[in-house]
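Novice: Handing you this structure, nothing more for now.
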Amino acid sequence: MADKSTRLILDALTRAAAEPSGLSLHANKADPGLFPNTTIAKSAAERAKADGLLRVVHTDPKGKVVREVCALTDKGMQFLARQASPRQVVEDLVRILEGRQAAVAELTASAAQMSAALAAVRTVIEQVLPRLTDHHATNGIPMNGLLSPPCPAKTPALENLIANVKSRLAEWHADTGSSQDCPLPDLYLKLDSAEPVSIGQFHDALRQLHDDHQIYLHPWTGPLYALPEPAFALMVGHEVAYYASIR
């Protein structure tokens, strides 16, 4: 019985060594805890506290039961180093470390995806908001959704850019086949212009061609965080367009 109790204490001290902030003294369905919820384990837990190997960090009332969160003491660390097999302690801690690393990697990946999604949404919003003029509100147009901004007045520069975009898009379809929609970043790179063309001007030309029923603008259907180059996406109605094709 004493050997079993000591083994339980050593296992608990090993787990406590990997969690300086403390763990529940006893396990439950949602929390592995330091000790199993058995009679002998409860006795071992009380012994570990009485001997000063574990200290109660804080208590958490759960109905009629009080949950104790305990952490390893210096005395507990010395007891673990003296009584436990060094190999066993290292193996146990490596297993705990690997489990924590996997959990951290998963959280990091999830946080990165969320950050990319927020960045993509922010990029689209930053493109749309400056184009939403007071004209919409004063003329009774509802603002209960993301609206496509009105196309600017046609200027010679815009007319040339529109023709340039349409020509490059036609070349794309001639080279790749009419069944393939052209990603907007690729279309932008193909523009042949003596003057630099901003992405905003590029979007103006696309909207004009779309409104004139000369091209189709197709939406991005995946998650926003997966957009390869979100700056080139543009709002068309309530959709985020990312591809174009000739009508």
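What follows draws every value from the coordinates through simple rules; no lab data is involved. This is a predicted model, so every value here is computed, not measured. Neighbour counts are summed over all protein chains in view; Cβ atoms, including those assigned to glycine, are modelled from backbone coordinates with ideal geometry.
Novice: Checking the cross-link filter: which lysines have an alpha carbon closer than 22 Å to that of Lys75, excluding same-chain neighbours under 8 positions apart?
Specialist: By straight Cα distance, Lys75 reaches Lys4, Lys42, Lys49.
Novice: Okay, next question. Reachable lysines from Lys166, Cα under 24 Å, same-chain residues fewer than 8 places away excluded?
Specialist: Lys154, Lys190
Novice: Could you check the simple spin-label distance between Asp3 and Glu46, using points 7 Å along Cα→Cβ, in nm with one decimal?
Specialist: That separation, rounded to one decimal, is 2.5 nm.
Novice: Would you mind calculating the gained length between Arg82 and Thr38 on full extension (0.36 nm times residue separation, minus the Cα-Cα distance), in nm to one decimal?
Specialist: Stretched out fully, the Arg82 to Thr38 stretch lengthens by 13.2 nm.
Novice: Using only the Cα atoms of the range 158-237, build the gyration tensor, take square roots of its eigenvalues as a ≥ b ≥ c, and label the shape rounded, prolate or oblate: rounded if a/c is under 1.5, else prolate if a/b is larger than b/c, else oblate.
Specialist: Taking the square roots of the gyration eigenvalues as a ≥ b ≥ c, the range 158-237 is rounded.
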